[in-house]
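Where a number appears in this text, it was derived from the coordinates with a stated rule and is not lab data. What you see is a predicted model, and the numbers here were worked out from it, not measured in a lab. Cβ sites come from the backbone with ideal geometry, for glycine too, and all protein chains shown count toward neighbours.
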């Protein structure tokens, strides 16, 4: 299995631009998670889905952030408009049932 | 969700056992203990988990005290590649299903 796939691996953008991060979970997994990691706040859960339905989005920082899961094999996390404080590494993870989560390699986002 | 407390950093000599402690004194009966590690800036990697009994796999052993208020992750023969940040997480399966990552322990394996 290829594991969780994220793209792009690195993204540099300017303040005010829209940013879209992508995730392909492990085939057969029905839970998908988006995390953000910064030096100041560590690893934080932003949102998670079960069977493509958002279950808990209490970690989404503000309305500029949105996440979708149109099908079982694809999810996006969008930031519009982006701000420098959004600079972080964003991880996607998936699990089969309420079991071990497997993380992707992450997307390093830099907002100038 | 139960909170966890871990030492900020530890050193271990290569080839020796690394014992990483975790305190989770407010853990509930249905909450599992999970361990992950993060090497440099890679995605967190699953190591092991348990509920009550001690567990062992090809990577590590997990020792959970009888009262379940603390646990120890044991890497039996640490190598330089085990240098990483190790996270202890307490996870409840009922209701919201969330990992709450703490600050972890930065383990440095010394040659």
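Confirm whether residue A:12 is within 11 Å of another protein chain (Cβ to nearest Cβ), farther than 30 Å from residue B:30 by Cβ and assigned to a strand (DSSP E or B). Judged against the criteria, residue A:12 is not a match. Of the residues examined, residue A:80 is one that is in contact with a strand residue (DSSP E or B) (Cβ under 9 Å, 6 or more places away or on another chain) and more than 14 Å from chain B (Cβ to nearest Cβ). Taken across the stretch A:43-63, residues that are more than 13 Å from chain B (Cβ to nearest Cβ) and crowded, with 17+ Cβ neighbours inside 10 Å do occur, with at least one present. Among the residues of the stretch B:54-71, those that are away from chain A (no Cβ under 14 Å), surrounded by 16 or more Cβ atoms within 10 Å (Cβ to Cβ) and over 19 Å from residue B:15 (Cβ atoms) comprise B:63, B:64, B:68, B:70, B:71.
Looking across the stretch A:103-112, the residues that are buried (at least 21 other Cβ atoms within 10 Å of the Cβ) and within 9 Å of chain B (Cβ to nearest Cβ) come down to A:103, A:104, A:106. When the stretch B:1-52 is filtered for residues that are outside any strand (DSSP E or B), touching a strand residue (DSSP E or B) at 6+ places or on another chain (Cβ under 8 Å) and farther than 15 Å from residue B:85 by Cβ, the ones remaining, listed by number, are B:1, B:2, B:3, B:14, B:17, B:24, B:25, B:27, B:28, B:30, B:51, B:52. Do we have residue B:102 as free of Cβ contacts under 8 Å to residues at least 40 places away in the same chain, under 28 Å from residue A:53 (Cα atoms) and within 13 Å of chain A (Cβ to nearest Cβ) here? It is false that residue B:102 is free of Cβ contacts under 8 Å to residues at least 40 places away in the same chain, under 28 Å from residue A:53 (Cα atoms) and within 13 Å of chain A (Cβ to nearest Cβ).
Taking the stretch A:90-102 as the search range and keeping residues that are within 11 Å of chain B (Cβ to nearest Cβ) and surrounded by fewer than 20 Cβ atoms within 10 Å (Cβ to Cβ), which one is farthest from residue A:37 (Cα to Cα)? The extreme case among them is A:97. When restricted to residues that are outside any loop (DSSP other than H, G, I, E, B) and out of contact with any helix residue (DSSP H, G or I) (no Cβ under 9 Å at 6 or more places or on another chain), the stretch B:92-111 contains 4. For residue B:89, indicate whether it is at the interface with chain A (Cβ under 10 Å from one of its Cβ atoms), out of contact with any helix residue (DSSP H, G or I) (no Cβ under 7 Å at 6 or more places or on another chain), assigned to a loop (DSSP other than H, G, I, E, B) and in contact (Cβ under 8 Å) with a residue 60 or more places away in the chain. No, not satisfied. Listed conditions (1) touching a helix residue (DSSP H, G or I) at 6+ places or on another chain (Cβ under 9 Å); (2) farther than 17 Å from residue B:37 by Cα; (3) surrounded by 15 or more Cβ atoms within 10 Å (Cβ to Cβ) are all met by residue A:36, apart from (2).
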